[in-house]
There are 4 protein chains.
Amino acid sequence: MSGMNIKKLRDRLYEIIFEADTRTGKIFDVILLIIIFISVLLVVLESVPGIRKNHHDFLVISEWIITGIFTAEYILRILIVKKPAKYIFSFYGIIDFLAVIPSYVGLMVVTYQSLIIIRIFRFLRVFRILKLTRYTVAGRSLVRALWASREKISVFIFFVIILVIIIGTLMYLVEGEENGFKSIPLSIYWAIVTLTTVGYGDISPATPIGQLLASFVMIIGYAIIAVPTGIVTAEMIKPSTPANTQVCHNCLYDNHDDDALYCKKCGTRL
Amino acid sequence: MSGMNIKKLRDRLYEIIFEADTRTGKIFDVILLIIIFISVLLVVLESVPGIRKNHHDFLVISEWIITGIFTAEYILRILIVKKPAKYIFSFYGIIDFLAVIPSYVGLMVVTYQSLIIIRIFRFLRVFRILKLTRYTVAGRSLVRALWASREKISVFIFFVIILVIIIGTLMYLVEGEENGFKSIPLSIYWAIVTLTTVGYGDISPATPIGQLLASFVMIIGYAIIAVPTGIVTAEMIKPSTPANTQVCHNCLYDNHDDDALYCKKCGTRL
Amino acid sequence: MSGMNIKKLRDRLYEIIFEADTRTGKIFDVILLIIIFISVLLVVLESVPGIRKNHHDFLVISEWIITGIFTAEYILRILIVKKPAKYIFSFYGIIDFLAVIPSYVGLMVVTYQSLIIIRIFRFLRVFRILKLTRYTVAGRSLVRALWASREKISVFIFFVIILVIIIGTLMYLVEGEENGFKSIPLSIYWAIVTLTTVGYGDISPATPIGQLLASFVMIIGYAIIAVPTGIVTAEMIKPSTPANTQVCHNCLYDNHDDDALYCKKCGTRL
Amino acid sequence: MSGMNIKKLRDRLYEIIFEADTRTGKIFDVILLIIIFISVLLVVLESVPGIRKNHHDFLVISEWIITGIFTAEYILRILIVKKPAKYIFSFYGIIDFLAVIPSYVGLMVVTYQSLIIIRIFRFLRVFRILKLTRYTVAGRSLVRALWASREKISVFIFFVIILVIIIGTLMYLVEGEENGFKSIPLSIYWAIVTLTTVGYGDISPATPIGQLLASFVMIIGYAIIAVPTGIVTAEMIKPSTPANTQVCHNCLYDNHDDDALYCKKCGTRL
C-alpha cells in the first residue's frame, strides 16, 4: 500500500517535472522559467562594477538560494526518472548539472578571472528556456521552416563567406595597411561589417577606389539580403500538411478539401 | 418641440464627433488630425534652444489656442455622449484628458525640469492620430496581418533576446572591460546593436577573437532577419476573400473552388 | 511634292525622337541616354577639387559640346511635334528646357555659389533616363507592384513617422541635452537613424536607461522591416493578368491556360 | 593489351578528376576543396604582420607543398583530357594555371609590393570552390531563382544608382564641403552608405536641413529594401517542377494540370 503510494507520488512528480501537458506540469515549467530568468539577470547585473560593489551581499545570498533550488531540482529529477544514467548524460541532464556546479566550485576558486570563466557555464541555464519554447506551436512551426531551408541557407552562407574573402583581399590590396586595413583577416572582418549592413565605422575606406569598391559591396549586400528572406518566406508559405488523404470511390479524385462531403469532380458521396 | 430639437442636435453632434462614416464626421476628424499635428510640431520645435528663445511669445499663444480647442472638444464630448462616465474612463477619454491638463498644470509649476515631464503627457495627443488610422482599409489589413502573426513574432523576439544575452556574455568574457565591453548589460546592448545591423560603432570589438565572434553574430543577424519577414509575408499572402461567388442552389454553401463542378457539401451540380 | 517630302521627313523624325518602338527610335534613345550619363558624370567629376583645377579646359569644352547637342535636340523637338505648346509645358518639356538653360545663364553669373545652384537644375537631365526605364518590361512590372501597394506603404510610413516622434521625445527626456540629444528634432533624427538600422553613431545613447530604450527601438526596427517587405512581396506574387478569356462552347469552363487547344474539363476543341 | 590498360586508367582518372558523379570523383573534389581552403587560409594568415614574421618558414614550406600538389594536378589534367588545348584555354583551365604560376614567378620577383599583386592571382583558386557548389541541388535552385530575377534586379539597381546620384548632389549642395561632403562623388558614396542602411558614420550630416534630407533617404532606403526581397521571393515561390507526371497517350504532351481530365493539346481523355 505504502509502496503503491510512493509509486503514485513518483508518477505524479514525473508528470509535473518532466512533462508539460498537465496543468501542474505547466505551472512547474513557468516557475522554473522565472527562476532561470532571475538567475541570468543576477549574472548580468553582477558584471556591472557599481552593482557588484554596492549590492555584494544581496547578490551572494540570491545566488545561493537559486543554487539551492536548482540543486534540489537536479536531485529530484535523478530520483524520479526511470533511467537516471540516461538522464544524467543527456543534453539537458548535463546542462542541469553545469547550472549547479559553478557555485560550488566557486567556493574553492580564489581569482576573479577564474570566476568569470565559471560564470559562462552557469549561464547555460538559458538553454533550459530554449527547451520550453519547444512546447509552443508557433515556435515549432518556425523551427520547421528554418530546418526545411537549412540546406539553402548553408549554401547562401557559404557563398557569402567566399564573397567576403574575395572582397576583403581586394580591399587589403586597394586601401593598404596605412588606412586601417592592416591584414586580410581584418579586411574580411570589414567586408562582413559592410556586406551585412552593420557598418560600425571603426574601419572605413579612405581612398576613392576603396570607396567605389565599398559602394559596390554595399549595393550587393543590399540586394542579396533578399536571398535568405526569399528562402525562408518560400518555406513558410508552403502548406504544412497535405490537404487530406480521402479518395473518391467513383472517380478516384484525391485532392478533396478538409470540409468536402461530396467529390467535387463527380458528385459521389465521399 | 425644443427638447426634440436639442435631442436632434445632440444626435447630429454625436455623429460628427464620435463617428467617421458621414461626410461632416470625416471633415471633423481631419481638422482634429491637423490640430494634433500642429500641437505635436509645437512641442517638437519648442525643444530647439534657438526657437525657444526667439519665438517664445508665438509658442505660448499657439499653445493656449490649441489647449482651448482641445478643452472645448473634451467638454463637448462629455456633454454629448450617452454614458459620460464610460467615455471619461475609456482609453481615448483618458488620453483626451491628459492632452488638455498639462497646460493648466504648467501654470502652477515653476521649474523647467517639471515642464519637460509634463510635455510628455501632452504628447499623448499623438495616439489620437493612431485612432484615426483605424479607419483606413489599408491600415486595417496591415494590423490584421501583424495581429495574425503576433505569436510567431513573439517567439522570434524571445529567441532573439536569449541569443543577445548569450552573445553579450561571450563578448564580455572575450573582449573584457578594457575594450569598452564594461559590463554584461553593455555587451548585450552591443549584441543588439550588431545583430539588428544598426552598428553605431560606439563599442566595437578590438581583439581578433572578438572580431571573429562579431563576424558570426553579423552573419547570423543577416540570415535571421529573414524570419520576421517570412512570417509577415506568409500572413499577407493568405487570401482574405473567398475565391468566387458561386452559391449552391440546394444548400447555399458559398465557398466553392474555382474548378468545382458539384457542391462539395451536398453533391448538387453547381 | 517637296511639301510631301517635308511631311514625310517630319513624320520619320517624330518616330525617331518621340517614339521608342522602331529600331532607329531605340538607337536614338540609347545615344541620348549615353550623352545624359556623360553630362551627369561631368557635373559629378567637376565637384572634385583636384579634377576641377587640373582638367578645367576639358570640362568647359565637354560642357559646351553637350549643351550644344541638347539645345539642338530641344529645338528639333519643338519644330517636329504637332502641338509645340503642349510639349513645352509638359513635364519632360520643362526638364529638357532646364537641362539646357543653366549653361547659358552660367555665362552671365559670376559667383561660384550661384553656379552650384544652377548645377542642380542641369542635373534634372537624369529624369530623362527615368523616362527610358519605362520602356522595359521588368521596370513596368516593378512600378506596377509598388503602385498597387502605395496605400499600405503610406500607412506604414505614417506609422513609422509617429513612432519616431514618440521615441525621439522619450529619448530627449531620458538622455537630455548633455548626451548629444540637444533637441526633440535631433532626437527624432536619431530615432530614424536607429529604427532604419542605419546607425551612424554620431549620436548614441550614453545612459543605461537610454541604451535599454535604444535596444527596444532596434528590435522593433528589426521586426517591422518585415512589413514593407511583406506588402511588396504579396503584391508581386499576385498573378498579373487573368489567364485568358477563352470560354469552352460546350461546358463554359473559362480558366484555360494560354497554350490550351482543347477544354480540359470536357475535351471540346476551343 | 598495355595500351588498353593505359586507356582504361586514363578513363578512370578522367572520371575521378573531371566528373563528380562517382564516389572516388566526389572524394577527389572534396580533398581538392580542403587543399584550396588551406591555401586561401595561408594567404590570409600571411597578411597578418605578426604571423608573417614569426612563422615565416612554416608559411614558405606549406606554400611550396600546395604549389606542388596544384602543379601535379594541372599537368595530370592536361595529360588526361581529350582536347588539352580546349581545357587550357577554358575558364577553369586558366584559373588552374593562374593558381600555380604566382609561386614560380615569386622566385624571380624581389619587391614586397609585387608579391602582393601576385597574391591576388593566387587567390583565384577560390573560384574552383564555386565550381563545386554547382553540384549541390540547393545551390542550383538558388542560382536559378536569382537568374530568373536578373532583369528586375538590374532595373532596381539602375534605379538605386540614379537615386543615390540625385541624393548625393542634393546633399553636396545642402551640407557643403565644410561638413565633410567634399565632392559629389563623396556625397554619392555617403548616399549609398545611408540608403543601404550600412551607416559607417565617417560622414554624417551636421545641418538641420541635411539631417532632414538624410531622414527621408533612410526611410526610403528602409522601404525600398522590400523590392529586391519581393522579386527574389516571388521567384522562389514559383513551382520549380511540373505538377504531375501524366503524359498524353496520343500527343505525348506532359505538362498537364493536376485536375485535367482531357489532354489540353489534342483532347484525348487522359
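The values are calculated or read from the model by the stated rules, or taken from the named source; none is laboratory data. All of these numbers come straight from a predicted model, not from anything done at the bench. Every residue, glycine as well, gets a Cβ built from its backbone with ideal geometry; the counts of neighbours run over all protein chains shown. The protein model used for the area step is the full one, side chains on, heavy atoms only, and it has no ligands, DNA or RNA in it. Shrake-Rupley method; radii C 1.70, N 1.55, O 1.52, S 1.80 Å.
Descriptive notes on the structure:
- When restricted to residues that are among the β-branched types (V, I, T) and either more than 14 Å from chain A (Cβ to nearest Cβ) or open to solvent by 10 Å² or more (accessible area, probe 1.4 Å) (or both), the stretch D:221-231 contains 2.
- Subset of the stretch D:176-207 that is hydrophobic (A, V, I, L, M, F, W, C) and more than 33 Å from the chain's Cα centre (by Cα) - its residue that is nearest to A:I203 (Cα to Cα): D:F181
- For the condition in the same structural domain as C:G230 (by TED's automatic domain parsing) and free of Cβ contacts under 8 Å to residues at least 24 places away in the same chain, C:I188 does not qualify.
- Failed criterion for B:G210 (all others in (1) open to solvent by less than 20 Å² (accessible area, probe 1.4 Å); (2) under 22 Å from the mean Cα position of the chain (by Cα); (3) not hydroxyl-bearing (S, T, Y) hold): (2)
- Selection from the stretch D:184-207 of residues that are open to solvent by less than 10 Å² (accessible area, probe 1.4 Å) and in a loop (DSSP other than H, G, I, E, B): D:T196, D:T197, D:V198, D:G199, D:Y200, D:P205
- Those residues of the stretch B:38-87 which are open to solvent by less than 30 Å² (accessible area, probe 1.4 Å), within 14 Å of another protein chain (Cβ to nearest Cβ) and under 27 Å from the mean Cα position of the chain (by Cα), in sequence order: B:S39, B:V40, B:L42, B:V43, B:V44, B:S47
- Yes/no for D:A260 being surrounded by 15 or more Cβ atoms within 10 Å (Cβ to Cβ), modelled with pLDDT under 65, in a loop (DSSP other than H, G, I, E, B) and more than 8 Å from chain A (Cβ to nearest Cβ): yes
- Number of residues in the stretch C:149-166 that are open to solvent by 10 Å² or more (accessible area, probe 1.4 Å) and either more than 11 Å from chain B (Cβ to nearest Cβ) or of a type in the set (K, R) (or both): the value is 3.
- Candidates are the residues of the stretch B:191-220 that are among the hydroxyl-bearing types (S, T, Y) and on the phi < 0 side of the Ramachandran plot; the one that is farthest from the other protein chains (Cβ to nearest Cβ) is B:T207.
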